[in-house]
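What follows is a set of notes on a single structure, which appears directly below.
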Amino acid sequence: MKNSLKSIIESLIFVSIEPLTPEKIKNIMTEYSDNDIETALQKIVDSYASQDSGIVVFQSAGGYLFATKPELDPWVKKLLNLDKRSRLSPAALETLSIIAYHQPITLAEISAIRSVDAAHALKTLLLKRLVKITGRKKSPGKPLIYRTSTKFLTYFGLNSLQDLPTTEEIEKILEEEQDAE
């Protein structure tokens, strides 16, 4: 019995630990055309979006993955016993945003921007795998260079770094919040 392309791709997305990229699917399924694969991917996304289901397939970090619908988060958090302790601290969020907008960047550069030592926050981000070490800078002391990881994109529901809000967008949001107060 021959399985449909849509079923095969759906199963690949389901078992993939990280967002499954169209390129990886195409490398696995060489007997199918790129157009057929892209069409099947779109059918899968559309199918889950139109169903009355708690599951969706969405694009993140350049690939596709299964997730629960955001409006069901309260119940999922109860089941998984997720509480505020799993959230990032303000210092970690500030450090992460600096890395996201200024990468590649060293610890000294992060600390200079924050005006405080960022080592602890950086360690937290490394442990959560939101940040990764990508090499050493060719400067005195050869400090480590940090970048955001694929998990960072997934964690924040971004497809790529280009999806981050621009400085102008952030300023506009902050102005709107101040006007609302």
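The values are calculated or read from the model by the stated rules, or taken from the named source; none is laboratory data. Not measured: the values here are computed from a predicted model. Glycine gets a Cβ as well: all are built from the backbone with ideal geometry, and neighbour counts include every protein chain shown.
General remarks:
- Condition met for Val131 (modelled with pLDDT of 95 or more, within 28 Å of Thr21 (Cβ to Cβ) and surrounded by 14 or more Cβ atoms within 10 Å (Cβ to Cβ)): yes
- Of the residues making up the stretch 1-23, those that are assigned to a helix (DSSP H, G or I) and in contact (Cβ under 8 Å) with a residue 12 or more places away in the chain are Leu5, Lys6, Ile8, Ile9, Glu10, Leu12, Ile13, Phe14, Pro22.
- Within the set Ala67, Ala118, Ala91, the sole residue that is within 30 Å of Ile133 (Cα to Cα), touching a strand residue (DSSP E or B) at 6+ places or on another chain (Cβ under 7 Å) and either of a type outside the set (Ser, Thr, Tyr) or at pLDDT 90 or above (or both) turns out to be Ala67.
- If the condition is being assigned to a loop (DSSP other than H, G, I, E, B) and surrounded by 15 or more Cβ atoms within 10 Å (Cβ to Cβ), then the stretch 145-158 contributes Ser149, Phe156, Leu158.
- From the list Pro70, Pro74, Pro165, the one residue that fits, being without any contact (Cβ under 8 Å) to a residue 60 or more places away in the chain, closer than 30 Å to Asp52 by Cα, surrounded by fewer than 16 Cβ atoms within 10 Å (Cβ to Cβ) and under 17 Å from the mean Cα position of the chain (by Cα), is Pro70.
- Residue match in the stretch 44-58 (condition: farther than 22 Å from Asn159 by Cβ, modelled with pLDDT of 90 or more and part of a helix (DSSP H, G or I)): no
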